[in-house]
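The values are calculated or read from the model by the stated rules, or taken from the named source; none is laboratory data. If you're wondering where the values come from, they're calculated on a predicted model, not measured in any experiment. Backbone-built Cβ (ideal geometry, glycine too); neighbour counts: all protein chains shown.
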Amino acid sequence: MGIFGGTFDPFHNCHLTILEAFLEVTSFAKVHVIPAKIPALRDSPESSAEDRLVMARLGTKGLSNVVCDDREIQRPGTSYTIDSLRSLAIENVHQPLILALGRDAFDQMESWADWEEIFQLASLVVFNRPGSDYADSPRWLPACARIVNSFDQCSKAGQVLFLKNKPCYGSATKIRRLLKENLSIHHLVPSGVHEYIKSRNLYV
């Protein structure tokens, strides 16, 4: 089972690029896209959790094996990846959990709550920045983790696979800034997300 979490404030084309690349290298029956209600290591989102869930659903529309999962929105308090992994592991005892991450998020994992336990519950597919092949084992990687070379080796927890990400330019911060400046974002977000942002007057 695949997992792809984030703040999604808003959901944009680079999120979609990672998700599509994740689906390309896997054979999942289901990938859970999980918006964070209250991110632990970021500023508070500018749009509501409910709006961000809708944008994630609109952004992934047409991807039949993707489920937008509201467990972190329903859970009170700060959102932690480990809590979602624990609940998914209980619900899916016989399925390996594979967590998709961008390289920037991976490099911050040592500051995550109970981060070492993540490697006991899931394997990681880490998407490097375009133009970077960096796949060295960080010094902080726990002893239970192992760098692997193919997705076929991710059948048990603790494996870490580095993959190249397709070029994608833009960020949620840039998108929010452009909207505040009354500039176009149509080339940076899926069309359904664009229409929803306009209809709700978000980020203005």
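Here are a few things to note about the model shown:
Rundown of residues vs (1) closer than 25 Å to ARG57 by Cα; (2) surrounded by 12 or more Cβ atoms within 10 Å (Cβ to Cβ); (3) out of contact with any Pro (no Cβ under 6 Å at 6 or more places or on another chain), yes/no style:
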| site | (1), (2), (3) |
| --- | --- |
| THR78 | yes, yes, yes |
| LEU88 | yes, yes, yes |
| ILE98 | yes, yes, yes |
| TRP115 | no, yes, yes |
| PHE119 | no, yes, no |
| LEU141 | no, yes, yes |
| SER150 | no, no, yes |
| GLN159 | no, yes, yes |
| PHE162 | no, yes, yes |
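- Hits in the stretch 152-178 - residues which are of a type in the set (Ser, Thr, Tyr) and within 18 Å of the chain's Cα centre (by Cα): TYR169, SER171, THR173
- Candidate set from the stretch 79-119 (those that are polar (S, T, N, Q) and modelled with pLDDT under 95); member that is nearest to the chain's Cα centre (by Cα): GLN108
- Verdict on THR26 being of a type in the set (Ser, Thr, Tyr), surrounded by fewer than 21 Cβ atoms within 10 Å (Cβ to Cβ) and farther than 30 Å from VAL148 by Cα: no
- Residue match in the stretch 170-188 (condition: outside any helix (DSSP H, G or I), of a type in the set (S, T, N, Q) and surrounded by 11 or more Cβ atoms within 10 Å (Cβ to Cβ)): yes
- Counting only residues that are without any contact (Cβ under 8 Å) to a residue 60 or more places away in the chain and assigned to a helix (DSSP H, G or I), the stretch 21-67 holds 8 of them.
- Among residues of the stretch 133-153 that are under 17 Å from LYS164 (Cα atoms), those with a beta-carbon under 6 Å from a residue that is among the aromatic types (Phe, Trp, Tyr) and modelled with pLDDT of 80 or more at least six positions away or on a different chain give the pairs ALA135/PHE162.
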